[in-house]
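K.L.:
Okay, here's the structure, questions in a sec.
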Amino acid sequence: MNATVYTTIKNRLELLLNQRAPESTRPKADLIHQNIYADTLTELARTQTGTWWRPLNHLWAKYESGLLEARAGHLHLAEQYFQEAGEFKRNFPEQHYLPELAEVSALPAVAYLHYKQGYFAQAENELLASLDNDAVLLEQGYFILEYHRIQQLHNLARSCFFQKRMQDGARLIGLALRYMLYGQVPPLSYGWSEGYLQQAPWQLRSDMLWQLSAETAGVLLHYRAEEKVLFSEAFGHLTFWEPHTPDDEVLLEWFTLKELLAQVPSDEAVLRAVRFLDQQPAAFDVYKLSLLMSVVEVLQQYRYYTPEVHRILTTLVGTLQISPRNRQSCQLYLDSLIENPELLET
Amino acid sequence: MFKLSHYLVITEPVAAGKRVLFATRTARTLVITDTLYDKLQRGAWDEISDRVFDKLRTIEAIVPAAEREVHTIIARNKATVADGTSLYHVIQPTAMCQLGCGYCGQKHTKDYIGTAHSDLVLERIASKFSAKPYRHVEIAWFGSEPLMGWVQIRSLTPRIQALARERGCTYSAKLVTNGLSLKVPIFLELVQQHGVKSIEVTLDGTAEHHDARRHTKDGLSTFKLIFQNLLAIYNLPNFKELGCDISIRCNVDERNSESVIPLLHLLAEHELQDKIAYFYVAPIHAWGNEAHLLSLEKQAFGEQEITWMIEMIRLGFTPRLLPSLNPVVCMSVTPDAEVFDAFGNVFDCTEVPYVESYDNTEYILGNVGNGLDTISTHRPLLSFHDDVADGKYPCTTCRMLPVCGGGCPKSWREGMPPCPSNKFNIESKLMLHYALHRQGKEEFVAILNQTA
């Protein structure tokens, strides 16, 4: 990188300060939160369980209530709801796959409570059991549960990340992404089939890709030293697939840029990364932050991480729609580069 | 698999073919048709559409047939207590009060909490942090008259605030006062420096009735002074921005019940409708004495309360018509909350300090001056939830239990049912609630005309 390229990058970054994130010409699709998953499961269960639909629905609602309480930190109340659900579940007969349908909701909810209580091994066993339980139901036509299983891989990864088992977590994210993008079957549980994924709109897969990647990109921001290794586990070699949605196209570009910047980057790669910051809407701000950190590393390598760049980037990070934790962590990192110039040498 | 919950209040028809259903397990209301009412009575679940069934199930009007509901409610209440992350204590910094209210059961003396006892109270509060990861510390300054212990409040607050900060907790306080010393500068200091977020002041009617009951120990009137204090505070230009709620409590018995409406009119004349956080009328209760014997019969009180509420609505107040869930009925059922009086005595109930009839009873858990390890771990009222579950009190079968919480545990032990007015007038409140909401504006006008 020469001084001219540096000046171009600096100027383009500075320009970003004066403009708002581009308004998306389309609203960010989000089938996960539009309940397509739950609605599809509900419809399938309603048709297959006959008069047991209402009790099953009640049971799922109980586990959902317990899960909400656990998320709010009310762990005793969550336990109480799960106990009420457990008592109700005892009356379920061994027909219509009711016990397995009950576990669809029960296992991840109880796993979350155990995770919050710090019983990580127990939580992870329940998540693994959930993968097996879903496999039984998939054979019965509950195709949508393949996405549920991907969510459980994500939950397993969250548990690992929380325990600082970073490589394990990153590997699990990689398994989920490679399954969704390449159909590579995860070596956990059984019965995986991309055919199940294909029965739902691609947008659901795209939303799940976005969700897993965004959250993981955010987690990796806090592990600057190990980021390349962890990135490789989670996101490595994810550049050979065909995008199906506009969101996919952005994601593919991000995967590509992160890989390019991890190698000996060309000037063009850095400029392309800056364009990503310029062109993508706020829904991708955590991805932008992740790219920005990679750009910083490149600038460091060429000793262009100057106080002027520091000022621009610090301000830029402040404008992104990201979690306070991610913002603070990155700003601290950027500050450390200026306060400890020796880091520039590393 | 399902049954109609026991914890339901369903009104008589409020409009053509419509009733209001109040599911006390969730404190949620639903307007139902007579047809649906009939299906519910018959348990004809198959005749109810999935959508309506789901709604009824969600508000727990319909529950699992095998469920022992009272046990579920008590278990949830206990879980809520266990999940609490706020460390709550009541401090009564003085045994002194300027007033000589006839119904008060406390013995007032010129005693104030001293430095040695204050240190021990702080040590006691600090010791609680090892039990649980608290997120908030709350102190209630309570009587006698806490503002008579202003010096002690000023001295203790920064130390408790520092303690909370050290433990990563936020801090807030509340104050229950007769209002006589609640001057603007004191109010501002309470709010801006001492973290006070809510204040409750008592007015027992207009001057005529209030002064006949809440006079000074020398028999001097107090209403004018208190009311002036309140007006000065409520009319501060930045009152709302200060973020401190001031509510008014009106204690009534048969001698002053007719003064409630004139008081409401007086408050309205001064345009305080949207400044008073909460106005409520409370029947006089026994305070280690016989004060409750003059109290209005519960049924009669319930009926009068509806009249007062209608008047409040007419005047532009927004009274709380329907109760919320009340899983934690009072501090007595939380194992970590305590009351400290000016002598260093420790209690688990605010109604006990300075009341002679409770001297040498098990309600006094100990005294910080005798060593913190001598404070009894036995809290006589802590078993209240289990007692209700075991059928010791009528609460076990009362449909209002989830929104009432059972009322004062000590009163039950003393054989005085502390049932709230809601038990006696909930149907009327539901009808008012319906009338005030979108579906029932015309009915509300009709109700107002009936009572005019």
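K.L.:
Could you run the Debye sum over the Cα atoms of region A:223-312, one equal point scatterer each and no solvent, and tell me log10 of I(q)/I(0) at q = 0.18, 0.19, 0.21 Å⁻¹, two decimals?
P.N.:
Per q value, in the given order, log10 I(q)/I(0) is -0.83, -0.92, -1.12.
K.L.:
State the three equivalent ellipsoid semi-axes of region A:1-132, derived from the C-alpha gyration tensor as the square roots of 5 times its eigenvalues, in descending order and whole Å.
P.N.:
Taking √(5λ) for each eigenvalue gives 45, 21, 14 Å, largest first.
K.L.:
Let me ask something additional. In what order do B:TRP45, B:TRP308 fall by count of nearby beta-carbon atoms within 10 Å, going from fewest to most?
P.N.:
Fewest to most other Cβ atoms nearby, the residues stand as B:TRP45, B:TRP308.
K.L.:
Based on the alpha-carbon gyration tensor of region B:1-69 and its eigenvalue square roots a ≥ b ≥ c, which shape applies: rounded if a/c is under 1.5, prolate if not and a/b is larger than b/c, or oblate?
P.N.:
Judged from the Cα gyration tensor, region B:1-69 comes out oblate (a/c at least 1.5, b/c at or above a/b).
K.L.:
Now for a separate question. Would you mind working out the magnitude of the charge dipole of chain B relative to its Cα centre, with +1 at each Lys and Arg C-beta and -1 at each Asp and Glu C-beta, to the nearest 20 Debye?
P.N.:
It comes to approximately 960 debye.
K.L.:
For region A:187-346, compute Rh as the Kirkwood radius over C-alpha pairs and then the Stokes-Einstein diffusion coefficient at 25 °C and 0.890 mPa s; write the answer in µm²/s, rounded to an integer.
P.N.:
D = 146 µm²/s.
K.L.:
Would you mind checking the tilt of helix B:441-451 against the longest principal axis of the Cα atoms of chain B, expressed as 0 to 90 degrees and rounded to 10?
P.N.:
70
K.L.:
Follow-up question, since we're still on this one. How large is the charge dipole for region A:32-200, taken about the Cα centre, if only the Cβ atoms of Lys, Arg (+1) and Asp, Glu (-1) carry charge, to the nearest 20 debye?
P.N.:
Dipole of region A:32-200, to the nearest 20 debye: 460 debye.
K.L.:
Got a sec? How would A:TRP52, A:TRP254, A:TRP241 order by Cβ neighbour count within 10 Å, fewest to most?
P.N.:
Listing A:TRP52, A:TRP254, A:TRP241 from fewest to most nearby Cβ atoms yields A:TRP241, A:TRP52, A:TRP254.
K.L.:
What is the magnitude of the charge dipole of chain A about its Cα centre, with +1 placed on the Cβ of each Lys and Arg, -1 on the Cβ of each Asp and Glu, and no other charges, expressed in debye to the nearest 20?
P.N.:
It works out to roughly 560 debye.
K.L.:
Give the whole-number value, in cubic angstrom per residue, of the convex hull volume spanned by the C-alpha atoms of region B:68-420.
P.N.:
Convex hull volume per residue, Cα atoms: 136 Å³.
K.L.:
Have a look at A:LEU260, A:GLN211, A:GLY318 and report the one farthest towards the positive end of the charge dipole of chain A, computed about the Cα centre with Cβ charges (Lys/Arg +1, Asp/Glu -1).
P.N.:
In chain A, that residue is A:GLY318.
K.L.:
Divide the volume of the convex hull of the Cα atoms of the protein assembly as shown by its number of residues and quote the answer in cubic angstrom per residue.
P.N.:
203
K.L.:
Multiply the residue separation of B:SER86 and B:HIS265 by 0.36 nm, subtract the distance between their alpha-carbon atoms, and state the gained length in nm to one decimal.
P.N.:
My answer for the length gained is 60.7 nm.
K.L.:
Using Cα pairs closer than 8 Å and at least 6 residues apart in sequence, work out the relative contact order for region B:1-78, in percent.
P.N.:
Averaging sequence separation for qualifying contacts and normalising by length gives 35 percent for region B:1-78.
K.L.:
By counting other Cβ atoms within 10 Å of each Cβ, how are A:HIS74, B:HIS210, A:HIS310 ranked from fewest to most?
P.N.:
Fewest to most other Cβ atoms nearby, the residues stand as A:HIS310, A:HIS74, B:HIS210.
K.L.:
Angle, helix B:69-83 long axis vs. longest principal axis of chain B, Cα atoms, 0 to 90°, nearest 10?
P.N.:
Between helix and principal axis, roughly 40 degrees.
K.L.:
Could I ask something else about it? Measure nothing but the geometry: give the 0 to 90° angle between the long axis through the Cα atoms of B:115-127 and the longest principal axis through the Cα atoms of chain B, rounded to 10°.
P.N.:
Helix B:115-127 sits at roughly 40 degrees to that axis.
K.L.:
Also, I was wondering about something else. Restricting things to Cα coordinates, could you compute the convex hull volume per residue of chain A in Å³?
P.N.:
137
K.L.:
Under a Cβ-Cβ limit of 4.7 Å, which cysteines in chain B have nobody to pair with?
P.N.:
Unpaired cysteines in chain B: B:CYS97, B:CYS169, B:CYS244, B:CYS250, B:CYS330, B:CYS349, B:CYS395, B:CYS398, B:CYS404, B:CYS408, B:CYS419.
K.L.:
Using all Cα-Cα distances in region A:268-346, what percent lands in each 10 angstrom bin from 0 up to the longest?
P.N.:
18, 54, 27, 2
K.L.:
With springs only between Cα atoms under 10 Å apart, run a GNM on chain A and tell me which of A:ALA269, A:ALA72, A:ALA109 wobbles the most.
P.N.:
Greatest mean-square fluctuation among the candidates belongs to A:ALA72.
K.L.:
May I ask you to list the residues of region B:36-78 whose amide nitrogen lies under 11 Å from a point 7 Å from Cα along the Cα→beta-carbon direction of B:ARG28?
P.N.:
B:54-62
K.L.:
Sorted from largest down, give the three principal axis spans of the alpha carbons of region B:195-322, whole angstrom values.
P.N.:
43, 39, 28
K.L.:
Kirkwood hydrodynamic radius for region B:112-225: how many Å is it when counted over pairs of different Cα atoms?
P.N.:
15.7
K.L.:
Could you tell me whether region A:32-200 comes out rounded, prolate or oblate from its Cα gyration tensor? Rule is a ≥ b ≥ c as square roots of the eigenvalues, rounded for a/c under 1.5, then prolate if a/b exceeds b/c, otherwise oblate.
P.N.:
Note, shape of region A:32-200 comes out oblate.
Coordinate-derived values only; no laboratory data. Quantities reported herein were computed from a predicted structural model and do not represent experimental measurements. Positions of Cβ are generated from backbone atoms using ideal geometry, with glycine treated the same way; all protein chains shown enter the neighbour counts.
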